[in-house]
Amino acid sequence: MRIEDVLELVRSLNGSLILAPVPGSGYPEIAWGDYFCYYSADGTVPSTRQPYATIITKDYPDDAGSRLDEPGRWRLNVRVGRDRLGELLAGPAAAGATVDFGATDVLVPHPVYARQGWIAVVLPAYRTEETVRGLLRDAHRLAEVDAHRHAEEQADPT
């Protein structure tokens, strides 16, 4: 699976918006070259909601365990929720075993945001591709539901 394969799937989902910060875009330099996937019916980056998936192409200061600074490495992160995260990682990772965040084509808890219900996979390939595709579709659907609920609450705050 290539980054472009993930982006193509996300683009095919109704209302998806992919933010791809570049130099001069006004976004922090640390985010340049990464991708942030949102549900946005109006095509604007939501100011009050987080992305439902991200593709990270480099190590961040507090997140270097995936070894993304090595050539050709990238990581897909998907918001799945805490319950689904537990289901996906039932076994050693869920039991608190040491996790190799740099392992490839393996679902692992997100190195920083697992408690918020995020899962990660470095270089998704044949073992995780179908699961990843399903998780992206599910995350998009949940982001869409959240966006509609938020819009209804804004329209009728009572």
Q. Angle between the Cα long axis of helix 3-12 and the longest principal axis of the chain, 0 to 90 degrees, nearest 10?
A. 30 degrees
**Q.** Mean Cβ neighbour count within 10 Å, used as a protection proxy, ranking 77-83, 124-130, 27-33 highest first
**A.** 77-83, 124-130, 27-33
Q) Quick one: if you stick a label point 7 Å off each Cα along the C-beta vector at R82 and I18, how many nm between them? A) 3.2 nm
Q | Cα convex hull of the range 3-155 - mean projected area over all directions, nm² | A | 9.6 nm²
Q | Charged-residue dipole, Cβ positions (Lys, Arg, Asp, Glu), the chain about Cα centre, Debye nearest 20 | A | 200 debye
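Rule-based calculations on the coordinates, nothing more; no lab input. All figures in this text were calculated on a predicted structure; none of them were measured in a lab. Cβ: placed from backbone, ideal geometry, glycine included. Neighbour counts: every protein chain shown.
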